[in-house]
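Okay, so here's the structure we're looking at.
What follows is calculated from the coordinates using simple rules that are stated; it is not laboratory data. Keep in mind that this is a model prediction, so the values were computed, not measured. Methodologically, a virtual Cβ is constructed for each residue, glycine included, from the backbone with ideal geometry; neighbour enumeration extends over all protein chains shown.
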Amino acid sequence: MIADASVSGLGDFFVGERVRVYVATGTRDAVVIPPDWLLRRFGTDFVRLADGTEVPVQAGGEIPTVGDRPGGLEILSGLKPGDVIVRPAGS
């Protein structure tokens, strides 16, 4: 996206320059897991629950680490409230 912005006190040394900026557009709750907790088999993603069952999930993109919040993979669907996931054996 290209946008024009005015910032007071910035000076004129950025005129005509491209700069990377991050703009907060809101917040939402998300389920983010370590990448090695996701099991991929035959094109389907799974997570292991604490009771040993595996449930198919839809994984989203990777979430970067920001400050003290760890990054990981966002889980978009497949988990229910109260599900407790665990690291798969061998990970």
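Give me a count of the residues in the range 30-64 that are outside any strand (DSSP E or B) and surrounded by fewer than 10 Cβ atoms within 10 Å (Cβ to Cβ).
Initially, the range 30-64 is screened for residues outside any strand (DSSP E or B), giving 30, 34-38, 42-43, 50-53, 64.
If we keep only those that are surrounded by fewer than 10 Cβ atoms within 10 Å (Cβ to Cβ) too, we end up with 42-43, 50-52, 64.
Matching residues across the range 30-64 total 6.
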Subset of the range 7-46 (residues that are free of Cβ contacts under 8 Å to residues at least 40 places away in the same chain and closer than 25 Å to residue 81 by Cβ): 26, 27, 28, 29, 35, 38, 40, 44, 45, 46
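Could you please give the count of residues in the range 65-91 that are hydroxyl-bearing (Ser, Thr, Tyr) and either part of a loop (DSSP other than H, G, I, E, B) or out of contact with any strand residue (DSSP E or B) (no Cβ under 6 Å at 6 or more places or on another chain) (or both)?
The initial filter retains those residues of the range 65-91 that are hydroxyl-bearing (Ser, Thr, Tyr), namely 65, 77, 91.
Next, only the ones that are either part of a loop (DSSP other than H, G, I, E, B) or out of contact with any strand residue (DSSP E or B) (no Cβ under 6 Å at 6 or more places or on another chain) (or both) stay: 65, 91.
Here the count works out to 2.
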Top-ranked residue in the range 20-75 [being acidic (Asp, Glu) and under 15 Å from the mean Cα position of the chain (by Cα); ranked as nearest to residue 4 (Cα to Cα)]: 62
